[in-house]
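Structure record follows, encoded as structure tokens.
The values are calculated or read from the model by the stated rules, or taken from the named source; none is laboratory data. Model, not experiment: these values are computed from the prediction. Here Cβ is always computed from backbone atoms with ideal geometry, including for glycine, and neighbour counts include all displayed protein chains. Accessible surface is based on the protein model in full, side chains and every heavy atom, while ligands, DNA and RNA are left aside. Shrake-Rupley method; radii C 1.70, N 1.55, O 1.52, S 1.80 Å.
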Amino acid sequence: MELEEMKSLWNDMSARVEKLEIVNQQNIMKMTEQKYRNTFSKMMKIELVGFAICLIFGVGVLFNLDKMNTWYLLICGIVALVCYLIIPSIAILNIKRMNSLKIAVSNQKTLLTEFAKRKKRLLFLQRYSGVYALITLFVTLPVTSMISDNEDFFLKEHSPWLWVFVGLLTIGVLLFSRYGYSWYKKTTASAEATLMELGD
């Protein structure tokens, strides 16, 4: 075998290896992107179920807003609408932003910087979800009372068991919110680790 033939074979093999490396890198990128998207699609499904429930309550409050016959009941109704409709919508938009991160077209530094910004926005809302949930609980009581019984919650007598129930519900809401926030942190950390693998 002559030197020219060996050079030609060597160049062919080098080109094939280079092509395989490019294809392999593209496959790794696709797998990483799919793994990243799957992380947030589960989160989105959970939020959409929650939003559907909130939407039902929100529509119920909206159609009965005219029953709120005092200024403070009207404020409770409006705050309930914000809690049922606006806050879950913002959460869904934040998850959508996380999921739409362009992985394939970014270098790792830019990608991680953009991810960190979006993660901060997402976790900021979730950090205070217990507060939103408690506000929702406390404004829902008078609104529901007015819708179902046509009675002002603040003026009628209540059984002590109602306050026991509200106390237990408050504890449950706070525990659930804390669990939800830690799950969001864990999930975003997992997504970040997936993106970090691209640099290896």
Highest to lowest packing among 168-176, 181-189, 155-163, scored as the average C-beta count within 10 Å: 181-189, 168-176, 155-163
Loop trypsin sites (Lys or Arg not before Pro), the stretch 46-138, which have at most 11 other Cβ atoms in a 10 Å radius of their Cβ (DSSP): LYS102
C-alpha long axis of helix 160-196 to longest principal axis of the chain, angle in °: 10 degrees
Cα-based helix-to-principal-axis angle, 129-149 vs the chain, degrees rounded to 10: 40 degrees
Helix-only [θ]222 nm of the chain, DSSP H runs n ≥ 4, -39500 (n - 2.57) each, per residue, nearest 500: -29000 deg cm²/dmol
Rounded if a/c under 1.5, otherwise prolate or oblate - the stretch 1-104, Cα gyration tensor axes: prolate
Solvent-accessible area per residue, Å², over the stretch 26-111 with all protein chains present [probe radius 1.4 Å]: 60 Å²
Dipole moment magnitude, nearest 20 debye, the chain about Cα centre, only Lys, Arg, Asp, Glu C-beta charged: 320 debye
Mean separation of Cα contacts under 8 Å (6+ apart) over length of the chain, as relative contact order %: 27 percent
Rounded percent of accessible protein surface that carbon and sulfur make up, the stretch 111-154, 1.4 Å probe: 62 percent
Net charge over other residues, Cβ less than 11 angstrom from the Cβ of SER100 (K, R count +1; D, E count -1): +4
Cross-link reach list, lysines versus LYS109, counting only Cα pairs under 27 Å and skipping chain neighbours closer than eight places: LYS19, LYS30, LYS35, LYS42, LYS96, LYS117, LYS119, LYS120, LYS185, LYS186
Cβ-based net charge around ALA191, under 13 Å, with every Lys or Arg adding one and every Asp or Glu removing one: +4
Rounded accessible area of ASP12 (nearest 10 Å², 1.4 Å probe): 80 Å²
